[in-house]
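Written out below as structure tokens is the structure these notes cover.
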Amino acid sequence: MKYNYPECRRSDLVEDYFGHKLEAPYTWLRNTKDPEVLDFTARENAFTDAWFDKDEVEAMKAKLKAEHVPEPMMRLSPWRDGYLASESKDGNSSVVELDSSMNKVRTLFARYDLPERTSFAADACPTDENLLAILTMVDAAPRPDIVIYDFEKKENLAVLPMTFSGSWSKKRRSYYSPATKVEGESSLTTIQRWDADTGEVAEILTYPENSIFGEISRSEDGSCFIFCFSMNYSEHIFYSYEEESGQLTCLNEGCPLELIYVDSTADGHYFISLKESDHGTLIVIPRGGTIADARTVYEEKDGYMDSGFSAGGKLFVHVQSCAASAVKTVPDGTPVALPEPVCAIAPCGEGRGVKFFSFDSFTSSPVILKFDGEKFETAQGTPADGSEMVAELLFAESGADGAKIPYYLVRRKDAEKDGNHRTLMYGYGGYNINMPPWSTEMVSQTNIRSWVLSGGIYVHCLLRGGNEYGPAWHLAGMGMNKKNCYGDFIGIAEKIIADGWTVPAKIVISGCSNGGLLMSALVTMRPDLWGCVIDSVPHTDMIHFADDDRGAMYITEYGDPHRSEEEFLYLKSYSPVHNVRAVDYPPVYIQTGECDNNVPPYHGKSFAATMQSMNTSDNPILLRVLEKGSHDRGQGEVFWQTIAEMRVFMEKALG
């Protein structure tokens, strides 16, 4: 072993699971405030500092900043003569004001303008523009809060704590769903309401059975709310709430379903149902009725219908086919033209008779589109020229079971199969989440266009566990099927090698969060297949994750090692920290944040310590712990430092 890594004490703790003995030498790293843990973290960061050449990192930072394409404004909502919007810059978020032409007027809430808080988005009360609901986050807090702010008086009126979801009513009331409260073995989710006239908080509804979080949607016309209680990341219970009458109706009582809310009109509540078909069926439930009274409005036959919206007095559905977007009219299913055939659009706001959508693709750059119910037009940004590039949809056999797995291979049109292309592979495969086309890889912030035009290849892996093909695709990569997604990724890698595009030494793989678990599992399963691994905020301990603050939320996706011997053995069979061996590993850069409550930092720390002690190659295993980092790559200059380190690490690994 080439490197003298920081020493990390191994305890002699042995745990018992269903009669199976499990060594747990690094569980003491869970206590982030312990002086011994702080000392280990400081020594690891110092080691990583010393490994990098400061001048190289500074030069890379300057290069990345010069090449950076600003992200378009998101979360647009009407305010005064223009819009409120969320701006993302340097890994940080702020709330800004735009004029009617979508030009930035000023920053309203930068980081810490509201003391100790980062502001992510704001929404004005529809009947009082001085009342703002600002989605904020305190460093190291487990969940965001909504701050109710009087813009005229410049004062906070209330903090609606620990909530992901909130919405104004016309009566100057803010509805929100705070964090679940634990009673016995159940996590109970509540819908509450803050009243601007009285300053009082009222409880509207508590779902009496176990649920992991609640969401609130408001109909396009503001006439009603839909309350969603999630049993897991797929199945939900829905209530409709008519504020004027106070009528509260459970739409699918006692029967959690895979339903996606679209909108409510005088005809009823429109949902996409995934019960009848993985393609999706648009149904309408009459006002005051239940799912038993629903009728079918539209059936999708080709792609996977995952959302819908109203515009110009008409209904539309968003359909994805292998992660790419299509928009179709209801009920005839006529496609609406999009700027590119392989692209991704997503709702990002509304106002003044139009809907706004983010647009991105592998070969262009992100912009904002506006849609009036007839056609899409660019509202902000300028698309890049991708005429020299091609994004091919291809298929590989999964290394797990031979299933056909789709992936996009993005390359120059004149690229040849000479086995010499630097290749960047990205995957996620979890939580029923779609991985749409994008112009910038999420973790290392690699601009796909620049990477490809300089001779590289980008591979976008659509693994099971996501929702690219609907619910069945998710189920095939979760729980006791989780290892399918690792076999899927390996199958794609072996296919592009066999096709002559690249060789293992030239492959960089990148992922974060559940994708970090993917990276960690892949490097322990097939260390011979990768030239470099970028592993950000990863789950790595699939036995102790269930005891984390958010363990109950993640059990729904991964399973519970405490529930049965079968689940324990399955999770242990791929748990990265428990499967490190004394073999040659490729270069690995592991990054985590001290303030991360989604995936606590002990996951990255214990994995790094284990790999450093077992690696028999001369390749570096680096750990970067961000002192104020959360479930991200840092903010401001810390963000640019982290990204620059990742990119320098990649360049050195690829020679």
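The values are calculated or read from the model by the stated rules, or taken from the named source; none is laboratory data. No experiment lies behind these values; they were computed from the predicted model shown. Glycine also receives a Cβ, built like all others from the backbone with ideal geometry; neighbour counts cover every protein chain displayed. To get the accessible areas, we keep the full protein, side chains included, count just its heavy atoms, and leave off ligands, DNA and RNA. Shrake-Rupley method; radii C 1.70, N 1.55, O 1.52, S 1.80 Å.
Identify the residue in the stretch 401-432 that is small (Gly, Ala, Ser) and under 24 Å from the mean Cα position of the chain (by Cα) and, among all such residues, is farthest from Cys532 (Cα to Cα).
Gly430
Which residue out of Pro331, Pro383 is in a loop (DSSP other than H, G, I, E, B) and either of a type in the set (Asp, Glu) or touching a Pro at 6+ places or on another chain (Cβ under 9 Å) (or both)? Before the answer, list the steps.
Working: Pro331 fails: either of a type in the set (Asp, Glu) or touching a Pro at 6+ places or on another chain (Cβ under 9 Å) (or both).
Exactly one residue qualifies, and that residue is Pro383.
For the structure I just gave you, tell me whether Asp16 is among the acidic types (Asp, Glu), assigned to a strand (DSSP E or B), open to solvent by 80 Å² or more (accessible area, probe 1.4 Å) and closer than 27 Å to Ser573 by Cα.
yes
For the stretch 194-202, does any single residue satisfy the condition of being closer than 27 Å to Pro161 by Cβ, buried (at least 16 other Cβ atoms within 10 Å of the Cβ), of a type in the set (S, T, N, Q) and over 24 Å from the mean Cα position of the chain (by Cα)?
The initial filter retains those residues of the stretch 194-202 that are closer than 27 Å to Pro161 by Cβ, namely 194-202.
Pick out the ones that are also buried (at least 16 other Cβ atoms within 10 Å of the Cβ) and you get 194, 196.
Restricting the remaining residues to those that are of a type in the set (S, T, N, Q) gives none.
For the stretch 194-202, residues closer than 27 Å to Pro161 by Cβ, buried (at least 16 other Cβ atoms within 10 Å of the Cβ), of a type in the set (S, T, N, Q) and over 24 Å from the mean Cα position of the chain (by Cα): absent.
Give, as residue ranges, the strands (runs of 3 or more DSSP E) completely inside the stretch 216-279 that count at least 3 residues that are free of Cβ contacts under 8 Å to residues at least 60 places away in the same chain and within 29 Å of the chain's Cα centre (by Cα).
The qualifying strands (runs of 3 or more DSSP E) are 225-230, 236-242, 259-265, 268-273.
Residues of the stretch 577-613 being out of contact with any strand residue (DSSP E or B) (no Cβ under 9 Å at 6 or more places or on another chain) and not basic (Lys, Arg), which ones?
The answer is Val577, Asn579, Val580, Ala582, Val583, Asp584, Asn597, Asn598, Ser606, Thr610, Ser613.
Is it the case, given these coordinates, that Leu76 is touching a residue at least 40 places away in the same chain (Cβ under 8 Å), outside any loop (DSSP other than H, G, I, E, B), open to solvent by less than 80 Å² (accessible area, probe 1.4 Å) and closer than 30 Å to Ser100 by Cβ?
yes
I'd like the residue in the stretch 382-416 that is farther than 18 Å from Val459 by Cβ, of a type in the set (Gly, Ala, Ser) and modelled with pLDDT under 95 and, out of all such residues, is least open to solvent (accessible area, probe 1.4 Å).
Residue satisfying both the conditions and the ranking: Ala384.
Only residues that are outside any strand (DSSP E or B) and open to solvent by 70 Å² or more (accessible area, probe 1.4 Å): list them for the stretch 338-371, please.
Matches in the stretch 338-371: Pro339, Pro341, Arg352.
Only one residue in Glu468, Glu441 is of a type in the set (Asp, Glu) and modelled with pLDDT under 95. Which one?
Answer to the check: Glu468.
Restricting attention to the stretch 125-145, which residues are under 28 Å from the mean Cα position of the chain (by Cα) and open to solvent by 10 Å² or more (accessible area, probe 1.4 Å)?
Once the filter is applied, which keeps residues that are under 28 Å from the mean Cα position of the chain (by Cα) and open to solvent by 10 Å² or more (accessible area, probe 1.4 Å), the stretch 125-145 yields Ala133, Leu135, Met137, Val138, Asp139, Ala140, Ala141, Pro142, Arg143, Pro144, Asp145.
Checking Glu56 against (1) in contact with a helix residue (DSSP H, G or I) (Cβ under 6 Å, 6 or more places away or on another chain); (2) open to solvent by less than 60 Å² (accessible area, probe 1.4 Å), which single condition isn't satisfied?
Among (1) in contact with a helix residue (DSSP H, G or I) (Cβ under 6 Å, 6 or more places away or on another chain); (2) open to solvent by less than 60 Å² (accessible area, probe 1.4 Å), the lone unmet condition for Glu56 is (2).
Among the residues of the stretch 19-47, what is the count of those that are farther than 19 Å from Val580 by Cβ, surrounded by 12 or more Cβ atoms within 10 Å (Cβ to Cβ) and within 32 Å of the chain's Cα centre (by Cα)?
Quick first cut of the stretch 19-47, residues farther than 19 Å from Val580 by Cβ only: 19, 31-39, 41-43, 45-46.
With the extra rule that they be surrounded by 12 or more Cβ atoms within 10 Å (Cβ to Cβ), the set shrinks to 31-32, 34, 36-38, 41-43, 45.
Okay, now just the ones that are also within 32 Å of the chain's Cα centre (by Cα), so 31-32, 34, 37-38, 41-43, 45.
The total comes to 9.
Just to verify a result, which residue in the stretch 520-574, among those that are in contact with a Gly (Cβ under 7 Å, 6 or more places away or on another chain) and among the charged types (D, E, K, R), is nearest to Asp16 (Cα to Cα)?
Per the criteria, the residue is Glu567.
Working only within the stretch 539-552, note down all residues that are open to solvent by 30 Å² or more (accessible area, probe 1.4 Å) and part of a helix (DSSP H, G or I).
Asp547, Ala552
Given the structure, is Glu374 surrounded by fewer than 19 Cβ atoms within 10 Å (Cβ to Cβ), free of Cβ contacts under 8 Å to residues at least 40 places away in the same chain and charged (D, E, K, R)?
Against the criterion (surrounded by fewer than 19 Cβ atoms within 10 Å (Cβ to Cβ), free of Cβ contacts under 8 Å to residues at least 40 places away in the same chain and charged (D, E, K, R)), Glu374 does not qualify.
May I ask you to verify whether Leu205 is open to solvent by 40 Å² or more (accessible area, probe 1.4 Å), out of contact with any Lys or Arg (no Cβ under 9 Å at 6 or more places or on another chain), assigned to a strand (DSSP E or B) and touching a residue at least 24 places away in the same chain (Cβ under 8 Å)?
no
Exactly one condition in (1) more than 24 Å from the chain's Cα centre (by Cα); (2) open to solvent by less than 30 Å² (accessible area, probe 1.4 Å); (3) under 21 Å from Glu468 (Cα atoms) is not met by Pro335; state its number.
(2)
Each row is one residue, and each column tells you yes or no for (1) at pLDDT below 95; (2) buried (at least 17 other Cβ atoms within 10 Å of the Cβ).
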{"residue": "Pro586", "(1), (2)": "no, yes"}
{"residue": "Gly604", "(1), (2)": "no, yes"}
{"residue": "Asn615", "(1), (2)": "no, yes"}
{"residue": "Asp618", "(1), (2)": "no, no"}
{"residue": "Gly636", "(1), (2)": "yes, no"}
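For the subset of the stretch 219-246 comprising residues that are open to solvent by 10 Å² or more (accessible area, probe 1.4 Å) and touching a Pro at 6+ places or on another chain (Cβ under 9 Å), which member is farthest from Tyr554 (Cα to Cα)?
Gly222
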